[in-house]
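Working notes for the structure below.
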Amino acid sequence: MSARGPRFFAIGVAIAILLTLPLWIANSYYVNIASQILLWAVAALALNVLVGYGGLVSLGHAALFGAAGYTAALLLKAGHGHLVADLAAIGFTLFVSAIFAILSLRSTGIAFLMITLALGQILWGIAYRWVSLTQGDNGVNVTTRPRFFGISLATADAFYYAVLIVFALAVISMAIFVRSPFGASLRGTRDQARRMNALGYNVWLIRFLAFLFSGFWTGIAGLLFVYYNQFISPQVMALQTSAEILLMVISGGTATLLGPIAGAAIVVVMKNVASAYIERWNLVLGVIFVLIISFMPDGLIPGTARIWRSGWQTLRARAARGVRVS
Amino acid sequence: MTALAINALCKSFGGLRVTSNVNLSVEAGERRLIIGPNGAGKTTLFNLITGELSPDSGSIELFGSDITKLASRKRAHLGVARTYQIITLFAGETILHNVSLALLGLSPLRWSFFGNLDRQHHIVESAREALAHVGLETIAARPLAQTSYGERRRVEIAMALAQKPKLLLLDEPFAGLSIDERRDVQQLLKRIPREVSIVMIEHNMDVALDFAEKVTLLHFGEVIVEGTRSDVVNDPRTREVYLGH
Amino acid sequence: MSLWLTLAVNSIALGGLLFLLSAGFSLIFGLMRIPNLMHGSFFMLGAYFGVSFLQQGVNFWLAALLSGVAMALIGGLIERFLLKRLSGQELPQVLLTLGLSFIIADLCLMIWTGDPWQPATPPQLRGAVQVAGLFFPIYRLAIVAVAVVVALALWLMIDWTRLGAKIRAGVDDAPIARMVGIHVSKLFTLIFALGAGLAAFGGVMGAPYLSVYPGLDAEMLPLALIVVILGGTGSLVGAFVGSFVIGFLYNFGQAMFPDLAYVILFLPMVLVLVLRPQGLFGKVMS
């Protein structure tokens, strides 16, 4: 109970910072980066449902992200309104998620990863090669952003607040989901699938529903992305994007609420810094991946805490017993 | 009334017959002990009864209805619960959460996206009740990682009991326990009400003999001897299986 | 008529390249239980090595061989010093190979730039042979011949040598193989090196045909993936048949339905997953 006070305080400060951010960052470039962080955080939170709580590592989520973005972009280009385009985008993403889930949930572990990867490549291939539909490598432009209760989202600040609202909804839904009985069931299937089955749970259906939940928020993030950039191309559906979202999840720490958010911040900031100075984002991405997996498999934040703690303990132990190598 | 009726059940892995034409009939409220040396096919028989494995041939009836082809999870809803010889618990959770999960498995609440599992009073109360039965209510909030092996064995039993089963399958509940702990577990098993029919596996005859009225001896997947305690103990074939080699 | 023949010959040639790529991928998967997500990178990096050797005036076959050996060395080192650290943790191992594939891709971009390289077909392989009034380009036939020779060599090694017996034991059941005293750990390094070498060799063989460019790795990896899902993991016959099936689907799909070439390519994989998850030639995996 005593830990609650500081925790509420920290959450309050975070909310205050997020709400006032555009006021004290006058530069729209940085406001846009904040928008990017929040929209990618939604995607990372969505993937974390499967990776963290379900123990199912998907490398096909970029395809779900892109499916939503492309559906909206193409319908808007065909002259439909934002509401129709967005609803259709979410509907189509859920449909694709269901197909992905049916095919990939025949297995778990590495096989699940391989199948989601292969399925993701199919969708990437469609976006890349079906030129008459998707304009291939040229991508699709989205000329307008939707209006939100009459407010234009054309400026960086207005768009930031729109993303912030969606992000807040995502965080709340995740917080509810994690504590819910269904969330407990999903974690159970991650830890002891066989026992869960013997206890009366429908393990497959639990995973299937979790996949849809994850797909839903991935689609929402995809929509935010396409409205943010006002453009979508096949590149966003490539394996690299799936890997980036996964990196956000594991770098921040899986199966936590804050981890994917912190991970999204880390990856987006590094990506912007890297591409501004050295143009070698892939190299940086790969090196971080390798370092985190080799040295901090539990994620940057818990990993740093662990290394810090053990370093501190080693120091204290040395101080207590004289210098001794453990 | 017959709680469990197994007819001519067979199961092979590759060429190896692990369950060979097994017939078994357990009356409602009965305590049955299944003994046999390692590799006799005892746990396989349990896996067939719970549906974690499906048989090659034969049938399984639970209180008169055929469950041979029924999915494992549906058998749990019909009142079959089991414990595992190799402890199969949720290692990252508390004792209470483990037992709550067992209760949630049979509750429609398991599909709920809303609410907080730890605040579902009827589930938490029932879980505490089951933990009281095995004497763990005082450490219910303890993370499983901080419990002893003997305590985990009792969590296994509490999870099965929490489901209020009609048929309880206990897979070597004494395995790895000290003499004192065994006595405790024996006591708690005696307190289980007679509405529950129990089948217990034990490969060590002496530990559990006084638990059961009837004993079945399994060897190489076949029922060798079946009868009352003294019948089985005094049967020359029992002595051959246990002492012969 | 001649279009179909060209397509068929291209399909067989691509099938041969895919076999060189996926044989190692399949063996690594069968033995170490991980899909090596930098297998496409081995193919691409090998091809770039070949390009550089050829520029130095090295003979084509020697360039392919040298590139294969160099990549085998690199692959062995990666296995020995990076993957081994995570032995037994399959998921981190897979993610490690994914991270390394990004590093390799970017290093290649730095060294060989973003422009495509297409080495000339080696002089001794130029031209075509005439069989029954039809012309077959020698170079394409050579690729198939090499693939068949490699397939036979691998088959001989796996079915007839002590090393092969160990590999078979490891593929069937790693814990048991370890119990009977096989150094699974050394075997892993060896197979990883072999797979890397074969992929690089294939990369050089394919360079005059496919050319070498950034993104080649990301195009080859899914192909290896579907070949192995189709054929079954750890099965050389499966990899062989799967390679040619995909070779045909890729070329014919591209020619007949250019928009949906990728869907056609992956459709059989989806069917196999639904109907026979262990792959056409694979054993049931637990």
Using a 10 angstrom cutoff on alpha carbons, build the Gaussian network for chain B and name the most mobile of B:N23, B:N116, B:N38. B:N116
Nearest 10 degrees, 0 to 90: helix B:95-104 Cα axis against chain B principal axis: 80
Just reorder B:E202, B:E93 by solvent-accessible area, largest first, 1.4 Å probe, all chains present. B:E93, B:E202
Roll a 1.4 Å probe over the protein heavy atoms and report the accessible area of C:H183 in Å², nearest 10. 130
How high is the relative contact order of region C:1-115, in percent, counting Cα pairs under 8 Å that sit 6 or more residues apart? 30
What does the buried accessible surface come to for A and C, summed over both chains, with the probe at 1.4 Å? Round to 100 Å². 3400
Charge dipole (the protein assembly as shown, unit charges on Cβ, about Cα centre) - positive-most of A:L18, C:W160, B:L45: A:L18
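Determine the calculated [θ] at 222 nm for chain C from helices alone, applying -39500 (n - 2.57) to every DSSP H run no shorter than 4 residues and normalising by the residue count; nearest 500 deg cm²/dmol. If you can, show how the numbers build up before the last one.
Numbers: 11 runs with 209 residues, N = 286.
Taking each H run of at least 4 residues, the total per residue is -25000 deg cm²/dmol.
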In a GNM of chain C with a 10 Å cut-off on Cα contacts, which of C:D173, C:D259, C:D106 has the highest mean-square fluctuation? C:D259
Counting helices only, and only those DSSP H runs with n ≥ 4, report the 222 nm mean residue ellipticity of chain A as the sum of -39,500 (n - 2.57) divided by its residues, in deg cm²/dmol to the nearest 500. -25500 deg cm²/dmol
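Dipole size in debye (nearest 20) for chain A around its Cα centre, Lys and Arg Cβ +1, Asp and Glu Cβ -1?
Values: 21 positive and 7 negative charges, 253 e Å.
Computed charge dipole of chain A: roughly 1220 debye.
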With Cα atoms, 0 to 90° folded angle of helix C:39-55 axis to chain C main axis: 50
Listed residue pairs exceeding 32 Å between alpha carbons, taken from B:K42/C:K84; B:K74/C:K84; B:K42/B:K164; B:K69/B:K164; A:K271/C:K84; B:K164/B:K214: B:K42/C:K84; B:K74/C:K84
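Go through A:W130, C:W160, A:W281 and list them by solvent-accessible area, largest first, probe radius 1.4 Å. Intermediate results must be reported in sequence, preceding the final value.
Numbers: A:W130 80, C:W160 185, A:W281 25 Å².
Final ranking, largest accessible area leading: C:W160, A:W130, A:W281.
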I'd like the distance separating the alpha-carbon centroids of region B:6-53 and region A:100-146, in whole Å. 48
Amide proton proximity set for B:G227, modelled H, under 5 Å, gap of 5+: B:V215
Considering only C:Q93, C:Q254, C:Q124, give the residue with the highest GNM mean-square fluctuation for chain C, with springs between Cα atoms whenever their separation is below 10 Å. C:Q124
Using a 1.4 Å probe and counting only protein heavy atoms, arrange A:Y160, A:Y228 so the residue with the most accessible area comes first. A:Y228, A:Y160
Cross-link reach from B:K166 to aspartates and glutamates, straight Cα distance under 16 Å and at least 8 residues apart if same chain, gives B:E27, B:E30, B:E61, B:D66, B:E195
Shielded residues, region A:158-183 - accessible-area loss of 10 Å² or more between chain alone and all protein chains, probe 1.4 Å: A:I176, A:F177, A:R179, A:S180, A:P181, A:F182
Compute the angle between helix A:203-229 and the longest alpha-carbon principal axis of chain A, please, reported from 0 to 90 degrees and rounded to the nearest 10. 60
Pairs of Cα atoms under 8 Å, at least six residues apart: use those to get the relative contact order of chain C, whole percent. 38
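To the nearest 20 Debye, how big is the dipole of the protein assembly as shown about its Cα centre, given +1 on the beta carbon of each Lys and Arg and -1 on that of each Asp and Glu?
On the way: 62 positive and 45 negative charges, 221 e Å.
Here the size comes out at about 1060 debye.
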Take the Cα gyration tensor of the protein assembly as shown, multiply each eigenvalue by 5, square-root it, and list the three semi-axes largest first, rounded to whole angstrom. 51, 38, 26
In the protein assembly as shown the accessible area split gives carbon plus sulfur, as whole percent at 1.4 Å, a share of 65
Please calculate the 1.4 Å probe accessible area of A:K77, with all protein chains present, and give it to the nearest 10 Å². 110
Accessible area (Å², 1.4 Å probe, nearest 10) - A:R145: 40
Name the residues of region A:185-199, by number, that are at least 10 Å² less accessible with every protein chain in place than in the isolated chain; the surface is that of heavy atoms, probe 1.4 Å, without ligands or nucleic acids. A:S185, A:R187, A:G188, A:D191, A:Q192, A:R194, A:R195, A:M196, A:N197, A:A198, A:L199
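Could you tell me which of rounded, prolate or oblate describes region A:90-211, using a ≥ b ≥ c as the square roots of the eigenvalues of the alpha-carbon gyration tensor, with rounded for a/c under 1.5 and, failing that, prolate when a/b is larger than b/c and oblate otherwise?
Details: a/c = 3.42, a/b = 1.38, b/c = 2.47.
Oblate, because a/c is 1.5 or more while a/b does not exceed b/c.
The values are calculated or read from the model by the stated rules, or taken from the named source; none is laboratory data. These numbers were taken from a predicted model, which means no experiment stands behind them. We place every Cβ from the backbone using ideal geometry, glycine too, and count neighbours over all the protein chains shown. Side chains included, ligands, DNA and RNA excluded: accessible areas come from the protein's heavy atoms. Shrake-Rupley method; radii C 1.70, N 1.55, O 1.52, S 1.80 Å.
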